[in-house]
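**Q** A single structure is presented below for examination.
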Amino acid sequence: MDNQTLTCRLASHGLLSADKTALEAIENTVGIQAQEQAHAAAISIFLRSGCTQEELAHLYAQQKVVLSWANRWTLHLFTYDDWELLINARQGENLPYSYFQGYGEHAEAILDDVNAALIRRGALTKSEIVDIIRTHLPDFSTQSYLHYAIMHSVARTGLAYIDAASPVTNRRFVYAKNFKRISANEAIEKLIPRYLAGFGPATFDDFCKWAGLKKTTVKPFAKLFENVANPVAEPRALTKNRVILGARFDSLMTGYFDKTWLVPADKIATMWTKNGFLLAPILYDGQLVGHWNYKMVGKNVTFTTEIWGACDTAQLKQKFDAVANFLQKTRK
């Protein structure tokens, strides 16, 4: 593992200083992956900013931060402007037909009704979208996941985003009446330097993997990846004898083509589990040395780890104390 590359990337991600606001941390990585795993996205933002739950709640309530499927068609938290940018960059793409679970012939009519209701009402909850689907398919079961394909389709076009403050069990889709359309080429050209600022040093292949864009789509902008400077001059001193944490589904894990810059080859199957989880990394002295998890019960939170390398346990406990404080729990 190249320590200079690792440290420069940690610096780009904001994990060496955490001196940004929550909004700046989200902007810096052009979105935070936010699968519906409790608190993982919020912890990722905290580790990059030192923010509070109240600060995040305020951003969500003001809809300065929104949820949507965009990068790799996975769920992310974005600033509104970055959501527009990613949606514009991926315009013209279609979701795989398999997403519609055999109901593809009904999808166009269902989407027409959902889109019309969104424009008319200004917002729709997931349960209201399911109700519309059932006007077309009375025997529809949510176990088929067709409703997710419909919701993906609504977000893909830029018609609506998800209110990040809405409950996980009944997400609220908000009509984006002021959505600004630009060409895909213009959006990609703006997106690449944003990505490099938050993930650099990085390559053409890294960007394509992170964004989920085809290489042929990005190829006209390949020169933008040349002569990208490292963001720090003396990287070794910034990680020496230091514990650094990432979160589950962290951008460190999703933002690059080659996993081995962060994770030794013999640990890839450990950090990227068969059931689709990306575990939360523990780094010490510029090396990946383990992963961590937590469990909340009532007012308490318990942290568990798997450590395979040297680590400063006192520093690790301090980091967990900080995460517990962010979660407003007592560490047990």
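**Q** Determine which single condition PHE78 fails, assuming it passes every other condition in (1) buried (at least 20 other Cβ atoms within 10 Å of the Cβ); (2) in contact with a helix residue (DSSP H, G or I) (Cβ under 6 Å, 6 or more places away or on another chain).
**A** It is condition (2) that PHE78 fails.
**Q** Inspect segment 211-221 for any residue being of a type in the set (S, T, N, Q), under 19 Å from GLU84 (Cα atoms) and without any contact (Cβ under 8 Å) to a residue 40 or more places away in the chain and give the result as yes or no.
**A** So far as segment 211-221 goes, yes, one or more of its residues are of a type in the set (S, T, N, Q), under 19 Å from GLU84 (Cα atoms) and without any contact (Cβ under 8 Å) to a residue 40 or more places away in the chain.
**Q** Then there's this: Out of all the residues in segment 2-25, is one or more closer than 26 Å to LYS295 by Cβ, part of a strand (DSSP E or B) and modelled with pLDDT of 90 or more?
**A** no
**Q** If you go through segment 139-172 one residue at a time, how many are of a type in the set (Val, Ile, Thr), buried (at least 20 other Cβ atoms within 10 Å of the Cβ) and not in a helix (DSSP H, G or I)?
**A** Count: 1.
**Q** Continuing with this model, one more query. Can you say whether VAL30 is within 15 Å of the chain's Cα centre (by Cα), crowded, with 16+ Cβ neighbours inside 10 Å and part of a loop (DSSP other than H, G, I, E, B), as far as the supplied structure shows?
**A** yes
**Q** Identify, please: which residue in segment 96-138 is surrounded by fewer than 16 Cβ atoms within 10 Å (Cβ to Cβ) and aliphatic (A, V, I, L, M) and is, among those, nearest to the chain's Cα centre (by Cα)?
**A** By that ranking, first place goes to ALA123.
**Q** Given (1) of a type outside the set (S, T, N, Q); (2) farther than 20 Å from VAL65 by Cα; (3) under 21 Å from the mean Cα position of the chain (by Cα), where does TYR145 come up short, assuming only one miss?
**A** In the conditions (1) of a type outside the set (S, T, N, Q); (2) farther than 20 Å from VAL65 by Cα; (3) under 21 Å from the mean Cα position of the chain (by Cα), TYR145 misses (3) alone.
**Q** Name the pairs whose Cβ atoms lie under 6 Å apart, with the first residue in segment 152-179 and closer than 20 Å to ALA40 by Cβ, the second acidic (Asp, Glu), and 6 or more positions between them or separate chains?
**A** Once the first residue is closer than 20 Å to ALA40 by Cβ and sits in segment 152-179, its partners that are acidic (Asp, Glu) give VAL168/GLU36.
The values are calculated or read from the model by the stated rules, or taken from the named source; none is laboratory data. No experiment lies behind these values; they were computed from the predicted model shown. Heads up, the Cβs are rebuilt from the backbone with ideal geometry, glycines too, and the neighbour counts pull from every protein chain shown.
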